[in-house]
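Shown next, in structure tokens, is the structure this report addresses.
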There are 2 protein chains.
Amino acid sequence: MTRKRQLALGAMMFFPAGEHISSWRHPRAEAAGLLDLNYYKRIVQTAERGKFDMFFYADELYVWDRFDSSVRHANSIRPEPFTLLSALAAVTQKIGLAATISTTYNEPYHIARKLGTLDHLSGGRAGWNVVTSQTDEEANNFGQEKHLYHAVRYERAREFIDATQGLWDSWEEDALVRDKESGVFADPAKLHYLNHKGDHFAVRGPLNVSRPPQGYPVLIQAGASEAGRELAAATAEVVFAPGGDLEEAKKLYADLKGRMAKYGRHPDELKILPGLMPIIGATEADAQARWETIRDLTPPRLGLDLLSHYLGRDVSGYPLDEPLPFVPEVEGFNQSQTMLRRLREMIVQDNPTLRELVKRANSAFSRAFVGTAVQIADRMEQWFEEGAADGFNIAFSHLPGNLDDFVDQVIPELQRRGLFREEYAGTTLRDHLDLARPANRYAAVRTP
Amino acid sequence: MTRKRQLALGAMMFFPAGEHISSWRHPRAEAAGLLDLNYYKRIVQTAERGKFDMFFYADELYVWDRFDSSVRHANSIRPEPFTLLSALAAVTQKIGLAATISTTYNEPYHIARKLGTLDHLSGGRAGWNVVTSQTDEEANNFGQEKHLYHAVRYERAREFIDATQGLWDSWEEDALVRDKESGVFADPAKLHYLNHKGDHFAVRGPLNVSRPPQGYPVLIQAGASEAGRELAAATAEVVFAPGGDLEEAKKLYADLKGRMAKYGRHPDELKILPGLMPIIGATEADAQARWETIRDLTPPRLGLDLLSHYLGRDVSGYPLDEPLPFVPEVEGFNQSQTMLRRLREMIVQDNPTLRELVKRANSAFSRAFVGTAVQIADRMEQWFEEGAADGFNIAFSHLPGNLDDFVDQVIPELQRRGLFREEYAGTTLRDHLDLARPANRYAAVRTP
């Protein structure tokens, strides 16, 4: 009997208290523990109990302080991702551990080393979510006046990935001899120099960490712009796809998989995981009520300022009960073009009042699935079967409560349907995601 | 009864298998576990059992590949320090966790964040050893042709420390309100912007990590050049002082403490910990035999190349049984001037043969104390009482074996003499070292 194709599931965290911008206010959220190891330990151990493929922590490099409301009301505190993941590696056994790294404000040597070390210490469980960052505020924390232009960011990202993976190939698998008798620690013939010189980086190598257990830690991306899609088709092993309905998700899925052939890649080498925020109720009405509770947590001014942020333009002066008097232009926009495009579509299609647009913008990017555990599993199955998803990156409306509910109610339903593992079969994140281990580029050359 | 002044003790690691360049060959060293969490867990838990103030991991950012022998024979593999420390934070309760960060190849925002996060996750146990790096090979891994000049490195280091500490002050202690009812997460009046613009960095802030439990993680330095001493007197809370005899150590101790007043600091605000490698035997002869075993582990060619490295000049062509035909000049040397000065003194004073110089250079920087546990404790007590040390950074000739011996034999002897704690009295690294918690610069302004 061949096993049914299995869902891949990420347990996602952006705001540490939950996905929604005001999650920290939820009665079942823990607002005081955001830099406490025990808080994260409880979350990741619960995700491991649920047999998630990975814990996925999305990060940014600044305090969102563009508005008074954003400092006053939003949760601006977040641990440094790989410091967090490494501590979590010590208190888990199987679950993958992935987080965001900006290729715009980092150096390949440091990142290859951090990820390589985490992959070793965790026994092959590391993943990295490549982002190019989005804001001038981040640029200002790293000596720059302005954020890099969109196209340049993606060129730099591709070069960054290439250099980093090259550093992971510094040592062939059997380069470390460690023979105490002869005194030979390593075979110099199996040590390789990157000698990378590109437009953005010059990196000699070799790396002082041996080849990671996974060869390369799993590469994750989220960009959905044209440049982002090409980068994903060329390099990504997991794509996290936020927002959009079933039809949009199918289109993105087909588009991304369709672009891979020209890079010599098979569609199975990339797993597409739409984001999904499950709002779970005992009944559908109960779920709807829970959803309203979550939406009502956002102070009105914060919601308005969040919209201004997405638009890159202050809309707080416009009347709330009229439509905006302009349509935003995506071309040349230097924050997230994907988010702006979605907002533009809302405006063009429905011409909503500003008040309505605020409400929709505030939850449009999390893709809420609202219903009973069975209903949520139904929709997940539908997306999975109809070519919209290889799995999902699950965002939680509040933590740890909503994760507990998902693990206790939705996971067993998916397992009953044979769609999700009852136990981990392997030990590495690549094992969980059914991704092959990449060969060392230098060893491959030698053995034709 | 007032408690006797207490020793501060660091458990140091540079090469992961032990302090000596060929430690990995020792029968009781573990050469295969250098990226295995269980290896480090065993070491740091042993150090915690010994009540060490901290585990101290010294790092560098390259593979030492200047010579064929150095790749072939030396241990070039080392985990990224803060990835390692964070995992170790999850499996320990009290011991401080410190490691090296280069101010030459990093950004203050990333480092403030990593250290701040580690300090939070560990409950106030983080320390950082500020180094300026030493080699062109490191520069080549970060887009530079040449390593920065000595003086510029130290200017940059001072600016780096200042910016990083400023970022830690971004949030006042009581800035995070987290009131679910009112929706107020933070008080914007208690959030501060660094807006640093200097010769080397521009950093806006604020940091997206709240103020660390220790205020600032403990600041450690090792530079002993003129620039290094000034930086230490101005900023360091711990100085790690490698090499030299009792008289030299006393001079350095008096010199460093003497420089502090002009920076408005009290001598007790800086703890000076000479490095010490204990070679412990049941008898003195047994200890000497152990020491010979360790010295004999180094392949002759590796020893010669190590000397060439320290001198910044290839000496492999000179006759082994004659003195070198030149005296090295320290002025303008762009690696470690302290090491070169020590070698120069050996050459000027004793005019040794090259063979003898290799042997002495190969162990001169570790400062071996060879003897029984009682004899080693005697010498530690003498250094401590005679104004040469506030404690020691203990380096181990092989790991984990030599650490086990120190904890089982020397620590109890120090405890019997009332020189070292039997239990941790506090919970943070500052508690252990008896260092005050720095006030937030912004809060201090407001409450005169």
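The values are calculated or read from the model by the stated rules, or taken from the named source; none is laboratory data. Remember, it's a predicted structure, so these values are computed and weren't measured experimentally. Ideal geometry is used to build each Cβ from the backbone, glycine not excepted, and the neighbour counts take in all protein chains shown. The protein model used for the area step is the full one, side chains on, heavy atoms only, and it has no ligands, DNA or RNA in it. Shrake-Rupley method; radii C 1.70, N 1.55, O 1.52, S 1.80 Å.
Numbers at a glance
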quantity	calculated
Shape of the range A:266-417, Cα gyration tensor, a/c cut at 1.5	oblate
Inter-copy label distances at A:GLU322 (7 Å, Cα→Cβ; nm, one decimal)	9.6
Per-peptide average of other Cβ atoms within 10 Å, ordering A:205-212, B:82-89 highest first	B:82-89, A:205-212
Prolate/oblate/rounded label for the range A:239-336 (Cα gyration tensor, a/c 1.5)	oblate
Peptide A:182-194, shielding by other chains (average Cβ, 10 Å cutoff)	5
Cα-projected label distance for A:HIS266 with B:ASP296, points at 7 Å along beta-carbon direction, nm	5.6
Under the Karplus curve 6.51 cos²θ - 1.76 cosθ + 1.60, θ = phi - 60°, whole-Hz ³J(HN,Hα) for the range A:415-429, x wherever Gly or Pro sits	5, 4, 7, x, 8, 9, 4, 8, 9, 5, 8, x, 10, 9, 4
Normalised contact order of the range B:11-107, rounded percent, pairs of Cα under 8 Å and 6 or more residues apart	34
For the pair A and B, total buried accessible area rounded to nearest 100 Å², probe 1.4 Å	6500
Whole-percent carbon and sulfur share, accessible surface of chain A, 1.4 Å	49
Across the identical copies, how the B:ASP136 labels are spaced - nm, sorted shortest first, 7 Å along Cα→Cβ	4.2
Mean residue ellipticity (222 nm) of chain B, computed from DSSP H runs ≥ 4 via -39,500 (n - 2.57), nearest 500	-11500 deg cm²/dmol
Sequence-distant lysines (8 or more away, or on other chains) whose Cα lies within less than 19 Å of B:LYS180	B:LYS190
Where the range A:54-176 is the region considered: accessible area per residue in Å², 1.4 Å probe	23
Residue among A:ARG342, A:ARG72, A:ARG113 with the largest mean-square fluctuation in a Gaussian network model of chain A, springs linking Cα atoms under 10 Å	A:ARG72
Hits among lysines - C-alpha to C-alpha of A:LYS251 under 22 Å, sequence gap 8 or more where chains match	A:LYS262, A:LYS271
Dipole magnitude of the range A:346-416, debye to nearest 20 (Cβ charges: Lys/Arg +1, Asp/Glu -1, about Cα centre)	400
With all protein chains modelled, accessible area of A:ASP350 [1.4 Å, Å²]	80
Test item: A:171-178 mean partner chain Cβ contacts at 10 Å	3
Residue-level accessible surface for A:TYR318, protein heavy atoms, 1.4 Å, Å²	70
Residue-averaged beta-carbon neighbours from other chains (10 angstrom radius) around B:115-123	6
Heavy-atom surface of the range B:339-448, accessible at 1.4 Å and reported per residue (Å²)	41
Cα gyration tensor shape for the range A:1-151, rounded if a/c is under 1.5, else prolate or oblate	oblate
Shortest-first nm distances, A:ASP199 label point to equivalent points in other copies (7 Å, Cα→Cβ)	3.3
Inter-site label distance for A:ALA443 and A:ASP136 at 7 Å from Cα along Cβ, in nm	4.9
Percentage relative contact order, chain B, counting C-alpha pairs under 8 Å, at least six apart	24
Protection proxy ranking of B:40-49, B:25-34 - average other beta-carbon atoms within 10 Å, highest first	B:40-49, B:25-34
Ordering of A:177-183, A:384-390 by packing [mean C-beta count within 10 Å, highest first]	A:384-390, A:177-183
